[in-house]
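Since the structure comes first, as structure tokens, the remarks are kept for the end.
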Amino acid sequence: MTQQASPIRIAGDTHVGKVRTMNEDALILEPRLGLYAVLDGMGGANAGDVASQLARDAIRDFVLHRRAELAPKALLEAALVAGSTAVFTAAQQHRERHGMGTTAVVCLIVDPKHVVIAHVGDSRAYLLREGRLQTLTRDHTIVEDLVERGLLAPEEAERHPYKNVLSRNLGARAEARVDLLELELRPGDRLLLCSDGLYGYASAEAIQYLLGSGDAPEHVTRDLIEIALRGGGGDNVSALVIEAPAAAPSSTQVVRTSGAVAWWQHRQRFLQVASDGGLTKNPIVRGLAPQEAIELVALSLCQAIYHDLEKSTGVNVWTFAQNLAAGWFERGGDWKAVRGIVDILGGAARAVVDDIRARDAKLGFLLDVAVSRALIVVELALGGLLAERLRQIDSDLIELHGAALDTVEHDTLETAPPIEGSIERPGERPADRPGERPAERPSERSIDRFIDRPTIPFLRPDRPVTSSGESSEVLGAIAKAITIARGRLSPRAELVAQILVALETVATDSGGNFAAAVLAARELYGVRSVDNAGVMPLFDALDKARVVATSSVHQVRTSPAIRVRVLRALCIAHQRLVAAATGLVLEAVVPFGERLREVQVVTGELREAVARAEQRRADLERKFATIVDPSLPWGARGSTEW
Amino acid sequence: MSTVPTLARSYEALRPKVLQRLLELRSTLDPSLGRLDDATARAQIGAVLDHLGNFIATGDLGLHRAFLHTFLAMRAAEAQSPASVLAMLVAIGDTAAQVAQEAAAGTPDGTELTLLLTRVTASTARGVNDLIAEELGRRVAQQTELTRRAREGKR
């Protein structure tokens, strides 16, 4: 049932539901009177439907005959009282209908902007305004009365056993207490009158969604009933939708409707201009027949823009651009070809828009903006692909740089053993001194220089420590233990072997200071660079060397006392070596920390400088803007070389 | 007589409103704008809006390209990817166009300014893509060279 007599669009329908065998709901759809209502009858066998129909007829007749005499609110109130009287009288006359009654929610359209709503019982009126759903009526149930009086919490009401027991209805008494509401309708407002068979089986969110869908009222009514049925349909379902006339269509709506249609009507022009622009000669479509190229590329974009205009999205155009360029880039294609094809398609789009603008300036303008936005979406999609490709190339470059550095380090190790000074000093990177590579072997001079270098306090090389002062027998046993340990190593454990040598050196040193340990650590540390693996391989090797060396002591043929002294000497040497290595690591990191701080300072200064430069640029641009020749077309007014 | 075009003046009048809208909506417009604190966002967006005004007045693509180059370099130094810079510039341009459309709905100037701002945004997107593509070209050349060296080193 759809009524179109007034500028207000209205549709209403009712359904028996999935459980009941009889529909006790009734509707009033009287466009001549501007009268619309939903009634939900109740009360024993064959009585509910009688009650709702009696009340429906009485209300309609009352309004029909008395509308000239009474003001809208009074008219509606009196009409509902008349309905109640009719039901009550009928119930009194027929014993089997005793106790029948009906709810009623009634809307009287006074003029397109003014309505009066009256209701008794638990049928409801909802208003959807600017996307928000509000309930206009309060259910006349015992539970709602308790909630209103503060005797029951709203959350308890939902679970209350008497939640459906009405406190008011039409027919319980000859008189009826009616709630009335006047409402100013705004453009696009939607009113919903419904029975509890709808809101009891469909959530408020679903009702809001369907009412706000923008679909025609008859579709909304159908969908509302459908959703209540899907929710169980345990009661009769009735819905009546009243839609106030919409305001003038927004620019978005114009583009979605007229704009999209106009665009699609000009598709042949689009294809023609794209073809004339040289689309079929673009490298991206090489190998395709001209017609195929036009259909695959130009028609696809034309369709994508059409669908995006219809839906006010950019997803189709985005997908088109991604598909067009991704494959081309994967095959190693260049940007120039993509840029070229997008320019051709952009030109075709502008030609279509110009045609439409010549006929309808307003629509043409809106379409111009929308199509320009579609072309921006194309650029965004392409930018994403280019940026992703840039990121991939960057990561490949990092790997290639790493491989190149490994090669250089390997060559250096092959040609020259680790030497003093391999740890960079601040501002003295080998890369800063092209062609200058240390080629000297460790010498007294370099050792002296190293010892003279300031280092962290707890590792001063000249700090006195207890001299080992071991006997030649112990020293010999140390050498034997290290030889045995080295023999137990696999050929690949080069670093552990080097550490064993260092351990022997430190353990047999009689200098009485840390110098031997620091020098040995320096040699070891020079072999390792602080690379991606960090310094942990060095410390792992130090630990392995300790285990191998100490376990080898037991294989040395000597007295237990000597073995104990050898073990003690090796352990002390190991501790010193670990301490020295740790110190060197810390020492190596210090310059980086300092350099990081320096870089941060410089970066801050640079940022400020660039900010000043940006400001200066803006000022210059502004200055330039005042001397530009405005008679030239925009885009050709200046030719400054910056 | 001022030679600054009418549209540039209309844009200048609208600029505070655009800036305000962008500051309010920056989190929803673009994640990279959303991450910035208020002062930084104001400075970054302000620089772009300043330049847009100049570009509208001059229509000088060389100038526009130079600005984009600086802007991309600056944002790259702050670890922003070129894609997010592109998205940010488009979001700024698009918002400016929307504000122009709302503020001057129906007036010929408003219509033209909206269209011009949309086209400027398109030029901006294209300019950024050109710059990314150029950078990509340089890196690809670098990659080819390093690959060649690595191959020669293995031999």
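Key figures
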| item | result |
| --- | --- |
| The stretch A:528-545 - residue that is modelled with pLDDT under 80, of a type in the set (A, V, I, L, M, F, W, C) and surrounded by fewer than 17 Cβ atoms within 10 Å (Cβ to Cβ) and, of those, nearest to A:Leu584 (Cα to Cα) | A:Val530 |
| Total residues in the stretch A:21-35, condition charged (D, E, K, R), part of a loop (DSSP other than H, G, I, E, B) and either farther than 16 Å from A:Pro7 by Cβ or within 48 Å of the chain's Cα centre (by Cα) (or both) | 1 |
| Breaking point among (1) more than 30 Å from A:Lys362 (Cβ to Cβ); (2) surrounded by 16 or more Cβ atoms within 10 Å (Cβ to Cβ), for B:Arg35 | (2) |
| The stretch A:354-376, residues that are more than 7 Å from chain B (Cβ to nearest Cβ) and surrounded by fewer than 23 Cβ atoms within 10 Å (Cβ to Cβ) | A:Asp354, A:Asp355, A:Arg357, A:Ala358, A:Arg359, A:Asp360, A:Ala361, A:Lys362, A:Leu363, A:Gly364 |
| Scope the stretch B:59-68; condition touching a residue at least 24 places away in the same chain (Cβ under 8 Å) and at the interface with another protein chain (Cβ under 9 Å from one of its Cβ atoms); matching residues | B:Leu61, B:Arg65 |
| Test set (1) within 11 Å of chain B (Cβ to nearest Cβ); (2) at positive phi; (3) in contact with a Lys or Arg (Cβ under 9 Å, 6 or more places away or on another chain) - A:Gly332 fails condition number | (3) |
| Scope the stretch A:191-217; condition assigned to a helix (DSSP H, G or I) and of a type in the set (Phe, Trp, Tyr); matching residues | A:Tyr199, A:Tyr209 |
| Residue within the stretch A:274-285 that is surrounded by 21 or more Cβ atoms within 10 Å (Cβ to Cβ), farther than 19 Å from A:Leu382 by Cα and either assigned by TED's automatic domain parsing to the domain that holds A:Val377 or out of contact with any His (no Cβ under 8 Å at 6 or more places or on another chain) (or both) present | yes |
| Cross-chain or 6+ apart pairs with Cβ under 7 Å, the stretch A:68-94 first and not in a helix (DSSP H, G or I), then not hydroxyl-bearing (Ser, Thr, Tyr) | A:Leu70/A:Ala78 |
| Among the residues listed as A:Ala337, A:Ala387, A:Ala358, the single one being part of a helix (DSSP H, G or I) and in contact (Cβ under 8 Å) with a residue 40 or more places away in the chain | A:Ala337 |
| Lone qualifier among B:Thr118, B:Thr144, B:Thr111, B:Thr70 - being crowded, with 21+ Cβ neighbours inside 10 Å and hydroxyl-bearing (Ser, Thr, Tyr) | B:Thr118 |
| Residue selected from the stretch A:225-261 under the condition without any contact (Cβ under 8 Å) to a residue 24 or more places away in the chain and under 18 Å from B:Glu102 (Cα atoms), by the criterion surrounded by the fewest Cβ atoms within 10 Å (Cβ to Cβ) | A:Ala248 |
| Residue, nearest to the chain's Cα centre (by Cα), within the stretch A:260-318, restricted to residues that are under 18 Å from A:Arg373 (Cα atoms) and hydroxyl-bearing (Ser, Thr, Tyr) | A:Thr313 |
| Scope the stretch A:558-609; condition free of Cβ contacts under 8 Å to residues at least 60 places away in the same chain, basic (Lys, Arg) and touching a helix residue (DSSP H, G or I) at 6+ places or on another chain (Cβ under 8 Å); matching residues | A:Arg607 |
| The stretch A:124-145: number of residues that are buried (at least 24 other Cβ atoms within 10 Å of the Cβ) and in contact with a helix residue (DSSP H, G or I) (Cβ under 7 Å, 6 or more places away or on another chain) | 0 |
| A:His160 being assigned by TED's automatic domain parsing to the domain that holds A:Ala55 and modelled with pLDDT of 90 or more | no |
| Residue list for the stretch B:20-47, filter: without any contact (Cβ under 8 Å) to a residue 60 or more places away in the chain and under 14 Å from the mean Cα position of the chain (by Cα) | B:Ser32, B:Leu33, B:Ala41, B:Ala43, B:Gln44, B:Ile45, B:Gly46, B:Ala47 |
| Condition check for A:Lys311: of a type in the set (D, E, K, R), within 26 Å of B:Val120 (Cβ to Cβ) and within 12 Å of another protein chain (Cβ to nearest Cβ) | no |
| Residues of the stretch A:42-67 satisfying the condition of being crowded, with 21+ Cβ neighbours inside 10 Å, in contact with a helix residue (DSSP H, G or I) (Cβ under 7 Å, 6 or more places away or on another chain) and assigned to a helix (DSSP H, G or I) | A:Val50, A:Ala51, A:Leu54, A:Ala55, A:Ala58, A:Ile59, A:Phe62, A:Val63 |
| Search result, residues across the stretch B:35-52 that are at pLDDT below 80 and of a type in the set (A, V, I, L, M, F, W, C) | B:Leu36 |
| Scan of the stretch B:114-147 for residues that are of a type in the set (Asp, Glu), more than 7 Å from chain A (Cβ to nearest Cβ) and within 20 Å of B:Met88 (Cβ to Cβ), ordered by number | B:Asp130, B:Glu134 |
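The values are calculated or read from the model by the stated rules, or taken from the named source; none is laboratory data. The structure displayed is predicted, hence computed values, not measured ones. Note: ideal-geometry Cβ built from the backbone for every residue, glycine included; neighbour counts use all protein chains shown.
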